[in-house]
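Engineer: Input: one structure, supplied below.
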């Protein structure tokens, strides 16, 4: 618990300080809620730029400390409105922090998020472990974006937190930072409406669902797309001392997207930017050119890796199409009202009748259309451009991609869809309108308030449902099982693990993913004793090499804390152990 929260607070604090300093340098003297996203983007870029230097990540930790100290020194006495920002941001941060902690408290322990939903975290942990040791990995060689992984390495080297706690802390921090960033859209509203709007936009249902499966990259990309839209929106407001630099914060957010999500992240941001330029009546030529120069210089070192990343298996339409899904995900899930703890389930497959889903979708869809009309009337060009771009990106992913990539496109769209719905609903009462013919004013603004409260309550409950259903896996990580995988592919393997790991920490899908590619049985270590099971050639268990779990075994490899045992003599009979194929392991059991 301590390691997770220390990591989360460190990421939040560093992002706020670095981000606000960057925004201030660009000419914003007042406190800006773009700072959380800008700071996180710079954190990813700086850590990745320094993590491969001598010292195996120590320089990354030092660089972050120096950058934070320099940011605080620069900001001292230069920022206006910090007290008001503190009063607005503290309730949002505390509630978001509590919501992001729900999975751990419901499960009763801290550990790897989402293990039985999506065991991919073990790959990220392995790559980060190798990165911290200055070694290569498959993800590194494939051009996979490792900016967030470098941040976790800096947390380990600088604060001494474990890799599992580092990733958990980073994931929690993203939820907090996303909610704080959303305050940029609601900063002028009364406290209650401001807080509700920021939380619902920062952690809508699908973002909470991806949080529940430990998908930190997707939640970061959703944050960056939301922040990019809000940065374009803020660039048109007064208060910028350096007018030519007012689009640089958007460029810095795009830099973070590259280092966290590689070139696919630019698909959303490029679409938003191009549509925004079309909708704007006057094109800010000089600020746009300066922003493009900053973006180009900052991302040039990653260009070669982005080219390598094109061949990654996720982009192959004939590749692992479903991933951990059961089928195509409904785009209506982006609207926030989807009363299911597992976003992969179709309406009616859980405890809630399908009719409730359809009623929620009908309400949210009507509010989205109404909200879009209101945003268009108010010349909210950045928000209209954002929603248009994410819808177009989803359509392209649905037509030319896989269900796995289409689902990610829906998740990234969720904060913007929620923003379009809530922005007019939470506005001043005299500006509210119900869903009626365009231009017809509502005499009683309390009716719109009632609709807003119903939507807010429904989508908030759905987000909480996703969070409390999040599985939390093992509390620690060692790359030892992965290192044993090449030795056991020639025969069936029995893995003996503790009852706590298997039944309380969702260890079964985690172990299956670590040993994917072979026939694997996973049982409690209580099953040890007597003769080795029929058809099993290898046995992996924790313990001493001098104490074999079954008769007729010899030590093949000791890779602490595990011992790999091999049967003496020929294997008798056929094994009942299933083949743990890569796609099978990715899907995991339904929950």
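The values are calculated or read from the model by the stated rules, or taken from the named source; none is laboratory data. Computed from a predicted structure; not experimentally measured. Heads up, the Cβs are rebuilt from the backbone with ideal geometry, glycines too, and the neighbour counts pull from every protein chain shown.
Engineer: Out of all the residues in the stretch 179-188, is one or more surrounded by fewer than 24 Cβ atoms within 10 Å (Cβ to Cβ), over 17 Å from residue 93 (Cβ atoms) and assigned by TED's automatic domain parsing to the domain that holds residue 217?
Structural biologist: Yes, the stretch 179-188 contains at least one residue that is surrounded by fewer than 24 Cβ atoms within 10 Å (Cβ to Cβ), over 17 Å from residue 93 (Cβ atoms) and assigned by TED's automatic domain parsing to the domain that holds residue 217.
Engineer: Here is a further query. Limited to the stretch 22-51, what total is found for residues that are over 23 Å from residue 159 (Cα atoms) and over 19 Å from the mean Cα position of the chain (by Cα)?
Structural biologist: 12
Engineer: Among the residues of the stretch 328-358, count how many are assigned to a helix (DSSP H, G or I) and either more than 26 Å from the chain's Cα centre (by Cα) or more than 21 Å from residue 406 (Cβ to Cβ) (or both). Quick ask: steps written out before the conclusion?
Structural biologist: First, the residues of the stretch 328-358 that are assigned to a helix (DSSP H, G or I): 331-335, 354-358.
Pick out the ones that are also either more than 26 Å from the chain's Cα centre (by Cα) or more than 21 Å from residue 406 (Cβ to Cβ) (or both) and you get 354-356, 358.
Number satisfying all stated conditions: 4.
Engineer: With the stretch 52-134 as the region, which helices (runs of 4 or more DSSP H) entirely inside it contain at least 1 residues that are touching a strand residue (DSSP E or B) at 6+ places or on another chain (Cβ under 8 Å)? Even if it seems obvious, please write down each step before you answer.
Structural biologist: Details: elements: 58-75, 82-107, 121-132.
Here the list reads 82-107, 121-132.
Engineer: Among the residues in the stretch 158-168, are any in the same structural domain as residue 343 (by TED's automatic domain parsing), at pLDDT below 95, under 13 Å from the mean Cα position of the chain (by Cα) and crowded, with 24+ Cβ neighbours inside 10 Å?
Structural biologist: yes
Engineer: Does residue 395 meet the test of being assigned by TED's automatic domain parsing to the domain that holds residue 189, modelled with pLDDT of 75 or more, assigned to a helix (DSSP H, G or I) and in contact with a helix residue (DSSP H, G or I) (Cβ under 8 Å, 6 or more places away or on another chain)?
Structural biologist: Numbers: assigned by TED's automatic domain parsing to the domain that holds residue 189: yes; modelled with pLDDT of 75 or more: yes; assigned to a helix (DSSP H, G or I): yes; in contact with a helix residue (DSSP H, G or I) (Cβ under 8 Å, 6 or more places away or on another chain): no.
Judged against the criteria, residue 395 is not a match.
Engineer: Filter the stretch 483-523 for residues that are more than 27 Å from the chain's Cα centre (by Cα) and under 24 Å from residue 470 (Cβ atoms) and give the result.
Structural biologist: Matches in the stretch 483-523: 497, 498, 499, 500, 522.
Yes or no, residue by residue, for (1) assigned by TED's automatic domain parsing to the domain that holds residue 123; (2) touching a strand residue (DSSP E or B) at 6+ places or on another chain (Cβ under 8 Å); (3) more than 30 Å from residue 107 (Cβ to Cβ):
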residue	(1), (2), (3)
486	no, no, yes
491	no, yes, yes
513	no, no, no
529	no, no, yes
546	no, no, yes
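Engineer: Considering only residues that are touching a residue at least 60 places away in the same chain (Cβ under 8 Å) and in contact with a strand residue (DSSP E or B) (Cβ under 8 Å, 6 or more places away or on another chain), look in the stretch 495-511 and name the one that is surrounded by the fewest Cβ atoms within 10 Å (Cβ to Cβ). Reasoning before the result, please.
Structural biologist: Of the stretch 495-511, the ones touching a residue at least 60 places away in the same chain (Cβ under 8 Å) are 504-510.
Next, only the ones that are in contact with a strand residue (DSSP E or B) (Cβ under 8 Å, 6 or more places away or on another chain) stay: 505-508.
On the way: 505: 24, 506: 24, 507: 24, 508: 21.
The qualifying residue surrounded by the fewest Cβ atoms within 10 Å (Cβ to Cβ) is 508.
Engineer: Moving on to the next point. Can you say whether residue 214 is out of contact with any strand residue (DSSP E or B) (no Cβ under 8 Å at 6 or more places or on another chain) and touching a residue at least 12 places away in the same chain (Cβ under 8 Å), as far as the supplied structure shows?
Structural biologist: Values: out of contact with any strand residue (DSSP E or B) (no Cβ under 8 Å at 6 or more places or on another chain): no; touching a residue at least 12 places away in the same chain (Cβ under 8 Å): yes.
Taking the combined requirement at face value, the residue does not satisfy it.
Engineer: Okay, next question. Here is a check on your reading of the model: is residue 52 over 30 Å from residue 109 (Cα atoms) and in contact with a helix residue (DSSP H, G or I) (Cβ under 9 Å, 6 or more places away or on another chain)?
Structural biologist: Taking the combined requirement at face value, the residue satisfies it.
Engineer: Here's something else I'd like to know. From the list 215, 231, 175, 208, exactly one residue is over 23 Å from residue 343 (Cα atoms) and surrounded by 23 or more Cβ atoms within 10 Å (Cβ to Cβ). Which is it?
Structural biologist: Every option except 231 fails the conditions.
Engineer: Please go through (1) on the phi > 0 side of the Ramachandran plot; (2) surrounded by 20 or more Cβ atoms within 10 Å (Cβ to Cβ) for residue 56 and return the number of the only condition it doesn't satisfy.
Structural biologist: Exception for residue 56: condition (2).
Engineer: Which residues, taken from the stretch 105-153, are more than 16 Å from the chain's Cα centre (by Cα), surrounded by 19 or more Cβ atoms within 10 Å (Cβ to Cβ) and modelled with pLDDT of 90 or more?
Structural biologist: Scanning the stretch 105-153 gives a single hit, 153.
Engineer: Filter the stretch 372-384 for residues that are part of a helix (DSSP H, G or I) and surrounded by fewer than 24 Cβ atoms within 10 Å (Cβ to Cβ); which is nearest to the chain's Cα centre (by Cα)?
Structural biologist: Of the stretch 372-384, the ones part of a helix (DSSP H, G or I) are 372-377, 381-384.
This time we only want the ones that are surrounded by fewer than 24 Cβ atoms within 10 Å (Cβ to Cβ), so: 372-377, 381, 384.
Details: 372: 26, 373: 30, 374: 30, 375: 28, 376: 30, 377: 33, 381: 27, 384: 24 Å.
Per the criteria, the residue is 384.
Engineer: Does the stretch 348-371 hold any residues that are over 18 Å from residue 204 (Cα atoms) and in contact with a helix residue (DSSP H, G or I) (Cβ under 8 Å, 6 or more places away or on another chain), and which are they?
Structural biologist: 348, 370
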